[in-house]
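Laboratory data are not the source of any read-out in this text; all were calculated from the coordinates shown. Owing to the predicted nature of the structure, the values given are computational and were not obtained by experimental measurement.
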């Protein structure tokens, strides 16, 4: 337990500070866009740019080591004929034991209707198609009001090794929450009732995706993310991420279709 107490912030470069900075950035995007153009596509573009500005060529200190990260954002050069998801990630992760994996994550982004509790632009058929090819995909719900009542009501102060010794008994809030497409379809709702099965996007990214969890590793999903298999649709925005001790030497190409995507 002494080791846990001595974990240092390293000038604001640990996972806790990364989550805080991302939540702050999301809040700024939501407030700015809700007062101007409240649109899921613009939200996707702004979030892509914000993620790269926050995390590109940054070292994040984690228990037992550190993650060096490289990020690049792309968008389709022309509007895709069929959109598979609002956004996709391709992550190359180098683990501390020298194992390496490359996986894809997909987000379908929706904004809450002004003055209502609904997400009227959610199309269940589109979510079903997304879930069929990418069963770990997520629906990202963006709200101008603070989102509470999510799937976890308390958060560990910091998770290292075994069960933690203290808990922060506070209700987390966010402006962007993720719910698995499978669960969203099972609930069958297009309202804020989806929040009960959601996590903050910042948690999903920093505590799940960064460790290779909830990613797609099969060939079809990877080809869709790269823009090499367009019959099922194309992600409108794509972010490539290298994580780990060897991220600085990772190939920046990721095999993406350069005729389809342009760098932002």
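Observations on the model:
- Mean shadow area of the range 185-264, taken as a quarter of the surface of its Cα convex hull (nm²): 7.5
- Shape annotation for the range 59-124: C-alpha extents along the principal axes are 47, 30, 20 Å, from largest to smallest.
- Column: log10 I(q)/I(0), Debye, Cα scatterers of the range 1-152, q = 0.16, 0.17 Å⁻¹: -1.10, -1.21
- For the range 2-263, the Cα gyration tensor yields ellipsoid semi-axes of 27, 24, 17 Å (square root of five times each eigenvalue, largest first, whole Å).
- Percent RCO, i.e. relative contact order, over the range 2-263, from Cα pairs under 8 Å lying at least 6 residues apart: 29
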